[in-house]
Amino acid sequence: MPGTELFLELMERKADIVDQLCQFAEKQLEIVRASDITLLLSFLSRKQHLIYEMEFVEKELTPFREEKPEDRLWASPEAKERCQERIDFCREKLALIMDLEHQAEKELTAKKENVRGQIKHLDQGVTVHRAYHKTKSADSGRLLYGLDLSSG
């Protein structure tokens, strides 16, 4: 029974972390949509702390993965049911987190491609502008605003 009590405690901790990560994923998507890269970077560093916590809990859960669930001795049917609820909760929330993360990634990629297109367009404009407004000194005249004012 002490093993199942620890298992339930770890699943409660994991569920709390997963719930926080889900809230972070929702907020992250909002930040991406607002195009606030500075805030996004700061936010991601705070999110990393939760990921470290999750990794720690996952390591603590490793021995329980090797057990057969039907072989566990529970203090009560309610404790077993609560643990299963936490497992199901984590599974559902993790799927939602993956969807939110994927959506944020798609939107960031689209924004990056949009910026890339704008930069390319601006670069082409600068190149045309430089070519058109190039000044040239010569003995017989000058190019001024792209027009050759020399005679002859």
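Read-outs throughout are calculated quantities, based only on the coordinates presented, and are distinct from any laboratory measurement. Here the structure is a predicted model, which means the values were calculated and not measured. Cβ coordinates were reconstructed from backbone atoms using ideal geometry, including for glycine residues, and neighbour counts include every protein chain displayed.
In segment 18-78, what GluC sites (Glu not before Pro) fall in a loop by DSSP, with at most 12 other Cβ atoms inside 10 Å? Don't skip to the end; give the middle numbers.
Values: sites: GLU26, GLU30, GLU53, GLU55, GLU58, GLU60, GLU66, GLU67, GLU70, GLU78; in loops: GLU66, GLU67.
Answer in residue order: GLU66, GLU67.
I want to check the label-to-label distance for LEU73 and ASP88. Put each point 7 Å from Cα in the C-beta direction and report it in nm to one decimal.
Using points 7 Å along Cα→Cβ, the separation is 2.7 nm.
At 7 Å along the Cα-to-beta-carbon direction for both ARG65 and ASP36, put a label point, then send me their distance in nm to one decimal.
Going by the 7 Å Cα→Cβ label model, 3.7 nm.
Are there any trypsin sites (Lys or Arg not before Pro) in segment 1-76 that are in a DSSP loop and have at most 16 other Cβ atoms within 10 Å? List them by number. Working shown, then result.
On the way: sites: ARG13, LYS14, LYS27, ARG33, ARG46, LYS47, LYS59, ARG65, ARG72; in loops: ARG72.
Loop-located and lightly packed - ARG72.
Can you give the relative contact order of segment 2-111 as a percent, counting alpha carbon pairs under 8 Å and 6+ residues apart? Provide the component values of the computation, followed by the final result.
Working: 67 pairs, mean separation 58.1, N = 110.
Contact order relative to length: 53 percent.
I need two numbers for segment 1-122: Rg to one decimal and Dmax as a whole number, Cα atoms only, in Å.
According to the Cα coordinates of segment 1-122, Rg and Dmax are 19.3, 69 Å.
List the chymotrypsin sites (Phe, Trp or Tyr not before Pro) within segment 10-64 that DSSP assigns to loop and that have no more than 14 neighbouring Cβ atoms inside 10 Å. Can you show the working numbers first?
Details: sites: PHE24, PHE43, TYR52, PHE56, PHE64; in loops: none.
Passing sites in segment 10-64 do not exist.
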